[in-house]
Amino acid sequence: MTNAETQLASYFAKYEPAIVKLGKALRAKLRARLPGLFEVVYVYESQNTLLIAYSPTGRGYDAPCSIGLYPDRVNLFFGQGAQLSKSDPNKLLQGSGKTVRHVVLNSVADFDRAEIQALMAAAMKLANLRLDPSAKDSMIIKAEAQKQRARRARKAARPASTRRTAKARR
């Protein structure tokens, strides 16, 4: 296993076995379905969420789809879900954000349903991606960068009386 795979395994280990089994199975299906895209891994510890985005650029917000593991469920997210909702006759997409929508998946069989596959096909068409089956998969772990941002945000949120100002340092 690579270092990134080891890190990802440690993130999976924080969830219940049923969620881990479903998350790993969905990850395998998405990797097979989306060859050559970057797997961008985000860990949102404050929300107890592990998100794996499949992106052509290595930036999560460019991903046409991603999976999110929560303590009680696994969601399949669509990055342009608001536009996809127009072509969702079964009204499977949930959420009300400006762009992202999701579908809760309770089993691997849910992912294989025709309606979900139609949403995946529509998402890929909307993203205008050409997948390369011969391309090598790669993973980017963004968890550490998030921790650093969180520390900076906490530091910036401290009351002014506890922050050192330029005058106080002189």
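Observations on the model:
- Only one of the numbered conditions (1) outside any strand (DSSP E or B); (2) touching a residue at least 60 places away in the same chain (Cβ under 8 Å); (3) in contact with a Lys or Arg (Cβ under 9 Å, 6 or more places away or on another chain); (4) not hydroxyl-bearing (S, T, Y) is violated by I19, and that is (2).
- In the set I67, I52, I19, only one residue is more than 25 Å from A122 (Cβ to Cβ) and either modelled with pLDDT of 95 or more or within 9 Å of the chain's Cα centre (by Cα) (or both); that residue is I19.
- Of the strands (runs of 3 or more DSSP E) that lie entirely inside the stretch 42-161, those containing 2 or more residues that are not aliphatic (A, V, I, L, M) span 49-55, 65-69, 74-78, 101-105.
- Residue list for the stretch 26-48, filter: open to solvent by 70 Å² or more (accessible area, probe 1.4 Å) and of a type in the set (A, V, I, L, M): A32
- Single match in R33, R73, R59 (criterion: in contact (Cβ under 8 Å) with a residue 12 or more places away in the chain, under 16 Å from V103 (Cα atoms) and among the basic types (K, R)): R73
Let's see how each residue does on (1) open to solvent by 20 Å² or more (accessible area, probe 1.4 Å); (2) of a type in the set (A, V, I, L, M); (3) touching a helix residue (DSSP H, G or I) at 6+ places or on another chain (Cβ under 7 Å):
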position	(1), (2), (3)
L8	no, yes, no
E16	yes, no, no
R73	yes, no, no
R101	yes, no, yes
A109	yes, yes, no
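The values are calculated or read from the model by the stated rules, or taken from the named source; none is laboratory data. Treat the numbers as computed from the prediction; the structure is a model and nothing was measured. Virtual Cβ from ideal backbone geometry, glycine too; neighbours counted across all protein chains shown. Heads up: the accessible areas ignore ligands, DNA and RNA and are worked out on the full protein's heavy atoms, side chains in. Shrake-Rupley method; radii C 1.70, N 1.55, O 1.52, S 1.80 Å.
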